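See structure below.
The values are calculated or read from the model by the stated rules, or taken from the named source; none is laboratory data. Keep in mind it's a predicted model, so treat the numbers as computed, not measured. All Cβ positions, even for glycine, are placed from backbone atoms using ideal geometry, and neighbour counts span all protein chains on display. Heavy atoms of the whole protein, side chains included, go into the accessibility calculation; ligands, DNA and RNA do not. Shrake-Rupley method; radii C 1.70, N 1.55, O 1.52, S 1.80 Å.
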Amino acid sequence: MPDDYLREPLVLTTEDARNYIGFTREMFREALDMGLIRRLPVPGPRGAHLYDVRDLEVGGQRYLDYLKRKHADVNPSA
């Protein structure tokens with residue numbers, strides 16, 4: 001088992017999470033609304049929403065795959 005699984009997960013606030021995966025606010029909100037990115041159940045300091053980096057990486061990739069499929073459906077010649 002890799003050592004990465006033995007460490008605490010890297011947790012980011014919303015703004016840092018959005019910047020980490022390079023999404024605009026709209027992209028991040030849509031991925032969140034679609035359930036591809038999930039907030040951690042425990043709030044951070046001052047009620048901040050928190051996200052696990054591993055979840056952001058997987059959810060972010062799924063959202064990008066969704067955008068590719070959506071674009072391919074709209075423009076099949078591309």
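Taking region 38-47 as the range and being open to solvent by 80 Å² or more (accessible area, probe 1.4 Å), of a type outside the set (Lys, Arg) and not in a helix (DSSP H, G or I) as the test, the residues that pass are Pro41, Val42, Pro43. Screening Pro9 against (1) modelled with pLDDT under 90; (2) open to solvent by 100 Å² or more (accessible area, probe 1.4 Å); (3) not in a helix (DSSP H, G or I) leaves a single unmet condition, (2).
Residue by residue through region 48-71, note down the ones that are of a type outside the set (Asp, Glu) and open to solvent by 50 Å² or more (accessible area, probe 1.4 Å). Correct list: His49, Arg54, Val58, Gln61, Arg62, Leu64, Tyr66, Leu67, Lys68, Arg69, Lys70, His71. When restricted to residues that are in contact (Cβ under 8 Å) with a residue 40 or more places away in the chain and not acidic (Asp, Glu), region 37-66 contains 5. Of the residues making up region 22-35, at least one is part of a loop (DSSP other than H, G, I, E, B), open to solvent by 50 Å² or more (accessible area, probe 1.4 Å) and at positive phi.
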